[in-house]
1. List the lysines whose alpha-carbon lies under 30 Å from that of Lys239, not counting same-chain residues fewer than 8 positions away?
2. Aspartates and glutamates within cross-link reach of Lys169: Cα-Cα under 12 Å, excluding same-chain residues under 8 positions apart?
3. Determine the dipole magnitude for the stretch 250-380: charges of +1 sit on the beta-carbon of Lys and Arg, -1 on that of Asp and Glu, nothing else is charged, the reference point is the Cα centre, and the result goes in debye to the nearest 20.
4. From the helices alone, meaning DSSP H stretches of at least four residues, give me the mean residue ellipticity at 222 nm for the chain, per-run term -39500 (n - 2.57), in deg cm²/dmol to the nearest 500.
5. Skip the ligands, DNA and RNA, and give the accessible area per residue of the stretch 229-354 with a 1.4 Å probe, whole Å².
6. How do Arg121, Arg338, Arg149 rank by accessible surface area computed with a 1.4 Å probe, from largest to smallest?
7. How large is the Rg to Rh ratio of the chain when both quantities use alpha carbon positions and Rh follows Kirkwood?
8. Per residue, what accessible area does the stretch 109-209 have, given a 1.4 Å probe and all protein chains present, in Å²?
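The values are calculated or read from the model by the stated rules, or taken from the named source; none is laboratory data. All figures in this text were calculated on a predicted structure; none of them were measured in a lab. Methodologically, a virtual Cβ is constructed for each residue, glycine included, from the backbone with ideal geometry; neighbour enumeration extends over all protein chains shown. Areas reflect the complete protein model, heavy atoms only, side chains present, ligands, DNA and RNA absent. Shrake-Rupley method; radii C 1.70, N 1.55, O 1.52, S 1.80 Å.
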Amino acid sequence: MKQVLVIIDGLSDDPISEIGENTPLEVAFIPNIHYIASTGMTGRIDTYFEGYPIESLVCNMALLGYDPRKYYPSGRASFEALAKGIPIKKDDLVLRCNIVSIKDGSLIDFTAGMISDSEARKIISGLNLPYKGWEIYPGQSYRNTLVIRSANISPQNIKCYEPHMNIGKSINDILPESIEVNSDSLKLVEEINNFLLDSQEQIKKIETLGGNKEDKMLWVWSPSSSPYWPSYKKIMNKKAALVAGLDFFHGMAMAAGIHYDVIPNATGYIDTDYRKKGEYAINYLKVYDFVIVHVNAADEAAHARDWNEKIKAIESVDRYIIGPLMYELEKNHKDDYRIAVCGDHKTRCSDGKHIGDPVPFAFSGVGVEASKNKFTEKDCLNEPLYNSLEFLNKTLFRGE
């Protein structure tokens, strides 16, 4: 049997006045996803774990069957390091390192205006790092990685503020903090903060030749340690392939022994190549029985508080990924497939924040009775509620 899971990051939302008190999902033209809902079942998934951040790593690892209470490495940065081929040892500390925009001492854009890869690399390569054992690696656009070797400090001892959740706040109010009051932790946090504040002047000097630029600085968050995961074969008894654009998901795949390729123009942002993602998913079905597709664009649009772009992202997933996948499954695997579409967490366009409400799912295929439902937050509201850790075994993998 062929099994497909499509995760639309940040899918659900609250009603928005500009679109008639509807959500982006409710007004999006998604005939293929509605077909899955009407010919199968719908419901909701509880992806929230008390005491853990409402963020893509926690929610997605749980959807795949990895319990965050056992396997969460306190942040996603170490997975991004894995995807870049950066070796991480037990005592190293890894942090995500955004290039952000600031104005009058406040954080105004967590993407630095969606800075280009080339401009970001120019900045990262031109920085002077203050201490031996500190390493910074360029990534995708504004997303970079800071590694502090032999820090010998638990990432749980450092509180960092996610830049996309704190737009408009004074940077002095949201700089990293030491949770434990010990000299090593306090000293490291002070060193990190001094480096972040100094990065403003460093970046200004680097950009001088390029003309007048918006003020930028580095921003670290999601501190993490080296992840140690059992293979996906051991956890779920599946040989799987992944379609995704984000480094952290590639790192998760590496840790789990899930196959993936770096897909050209799969950016993890609103300009991602949906069509190419659909093509890779279909090609993987020729070799793998379980294919995971993750699309981050709707989440990024919501962080930018752009409901119109979020609608376009959801529609693009339906048109260029779900549609071709359904055609392939119906044509070559009829009566021997299952497909599920879901969100991982709610991301509100009103304030760009992640919310821990249950997210909708639609599921159809062999052995599933038709619900004749549509796929919206309202239509799924009174349907079955699953914990994310049990979701796959109660849908795609049930009866195995």
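1. Counting by Cα, and skipping residues close in sequence, Lys239 has these lysines nearby: Lys2, Lys70, Lys84, Lys89, Lys90, Lys276, Lys277, Lys286, Lys331, Lys334, Lys346, Lys394.
2. Asp104, Asp109
3. On the way: 17 positive and 21 negative charges, 34 e Å.
With Lys and Arg at +1 and Asp and Glu at -1, about 160 debye.
4. Values: 15 runs with 134 residues, N = 400.
Estimated from H runs of four or more residues: -9500 deg cm²/dmol.
5. Numbers: 4710 Å² over 126 residues.
Each residue of the stretch 229-354 exposes 37 Å² on average to a 1.4 Å probe.
6. Working: Arg121 120, Arg338 20, Arg149 55 Å².
The ranking, largest first, comes out as Arg121, Arg149, Arg338.
7. Values: Rg = 21.1 Å, Rh = 21.7 Å.
With Rh from the inverse mean 1/r over Cα pairs, Rg/Rh is 0.97.
8. Values: 5050 Å² over 101 residues.
Per residue, the stretch 109-209 has 50 Å² of solvent-accessible surface.
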